[in-house]
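Worksheet: the structure to be examined is printed underneath.
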Amino acid sequence: MATPGVSIPAELRKRILFTLGILAIYRLGVHVPVPGVDANRMVAFFESQATGIFGLFNTFTGGALERFSVFALGIMPYISASIIFQLLQTAIPYLEQLKKEGEPGRKKINQYTRYATIVLALVQGYAMSSFLQHATDPHGLPLVTTLSFAPFLSFRVMTIITLMSGTCFIMWLGEQITERGIGNGSSLIIFAGIAAGLPSGALRLWHMVSSGEMNGAIALGIIASMVLIIGVIVFLEVGQRRIPIQYSQRAPTREGMSQAQASHLPMKINFSNVIPPIFASSLLMFPATMSQFVQNPMLKTLADSLHPNHPLYNLIFVGLIVFFCFFYTEIVFNPTEVADNLKKYGGFIPGIRAGKSTADYIKKVLDRLTVSGAIYLSTICIIPTMLIQQFKVPFYFGGTSLLILVGVALDTSQQIQSHLLTARYEGMLKGVKVKSRRVQY
């Protein structure tokens, strides 16, 4: 007989199964190829580009890009559109007003984000189809085998429609997970794509050690570094800076005395979670991908500079991570509002005056934590890339991927725990009759 505290509530079980079903549909779509492309030649082409920007893009799409499936663009156009509209909310008064309207305004912004996703998917689909028409595999064979399907339906038009439809479908799957599953739909889709590449990466590493291409000690060092990085990520993701809070109302004790009620304000070291690396990666992927698909000397130079192993790429990547750490924290956490709420409910920080002084103190602590979080995220995302360059690892292994895997896993476990707590409280209140407090005459 299962204990009530351990059993999974029916509602949570339904949400978990629904989420797994949606992720299974996504993984099936990864294996559906776009018409007119030779799948074997595509795989050979992307294996030769495994450590470049294509390897990074392929990691986030869960292998859909190297197969050139209907999900080849992944959810990155939607992520890019979300970034654009979050930036525009601080610059355009209309969008800022929509943000303040609550749920109706959020739905309107989401609608605009979907439209922008379609536009970005069309642009990327056009660039990708144009590139593939002239691309060849390492043996010189063309990647595209069918240039026309009908008099008015060329390979380019078919590819643009297919990739745009695939991106819209993934966007819809992510929204379904967020609304009817366990939440974090977009993050879970990226998580599923990265996690799907782990077995093949481990198998490739084993074959390299077996064939003598890589020293066993180096392989053990790579695995040990991954374990160490995961441990550091878990330690810092759950780390908190607790600001003590006291309340003016006093609670009675057993001895009849009264004491001030004490609490704390928890502030995470990494307040923005995995958002900065995802945003920074998607922003770097878009111009790098476009420069790969357009034959222009200046864009070719830009493409070489935006290679994941290039110092300029790492410099821009770190700069974007730092920017999004501060930007995202500024959006989701308002120290003035927190200080006003504390004052409203009689709370104060010992030694700090209520009101503006409290807001300034919280802002000071938050800025220091954000700097620490930005340094931590930048270090985690850059070190594995340096390992790839140093040990000539022929597949993409990035700290961004590990950070997303661990961060999304921790966030999802917290979502599940919150569902369990809600179900437990509902079970405790079931069958309890609440007495009316109306005055009887």
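Which whole-Hz couplings ³J(HN,Hα) result when phi for each residue of the stretch 139-147 is put into the Karplus expression 6.51 cos²θ - 1.76 cosθ + 1.60, θ = phi - 60°, listed in order with x for Gly and Pro?
9, x, 8, x, 6, 9, 9, 10, 8
Quick one: which residues, 5+ away or cross-chain, put their amide H under 5 Å from the amide H of Ile245? H built at 1.01 Å from N.
Excluding prolines and chain starts, which carry no amide H, the hits are Ser263, His264, Leu265.
Report the calculated FRET efficiency for His134 and Val32 (r = Cβ-Cβ distance, R0 = 22 Å), to the nearest 0.05.
Working from the Cβ atoms, E equals 0.35.
Could you tell me whether the stretch 118-157 comes out rounded, prolate or oblate from its Cα gyration tensor? Rule is a ≥ b ≥ c as square roots of the eigenvalues, rounded for a/c under 1.5, then prolate if a/b exceeds b/c, otherwise oblate.
In terms of gyration-tensor shape, oblate.
Would you mind checking the pairs Lys99/Lys268; Lys99/Lys356; Lys268/Lys364 and listing those with alpha carbons more than 21 angstrom apart?
With Cα atoms farther than 21 Å apart: Lys99/Lys268; Lys99/Lys356.
Accessible area of Arg41, 1.4 Å probe, to the nearest 10 Å²?
60 Å²
For the stretch 139-284, which whole-number percentage of the solvent-accessible area (1.4 Å probe, protein heavy atoms only) is attributable to carbon and sulfur atoms?
Carbon with sulfur: 64 percent of the solvent-accessible area.
Accessible area per residue of the stretch 99-147 at 1.4 Å probe, in Å²?
I get 56 Å² per residue for this part.
Calculate the length of the line joining the C-alpha centroid of the stretch 320-346 to that of the stretch 151-198, in whole Å.
32 Å
Accessible area per residue of the stretch 324-374 at 1.4 Å probe, in Å²?
With all protein chains present, the stretch 324-374 gives 56 Å² per residue.
The values are calculated or read from the model by the stated rules, or taken from the named source; none is laboratory data. Here the structure is a predicted model, which means the values were calculated and not measured. Every residue, glycine as well, gets a Cβ built from its backbone with ideal geometry; the counts of neighbours run over all protein chains shown. The area values use the complete protein model at the heavy-atom level, side chains included, leaving out ligands, DNA and RNA. Shrake-Rupley method; radii C 1.70, N 1.55, O 1.52, S 1.80 Å.
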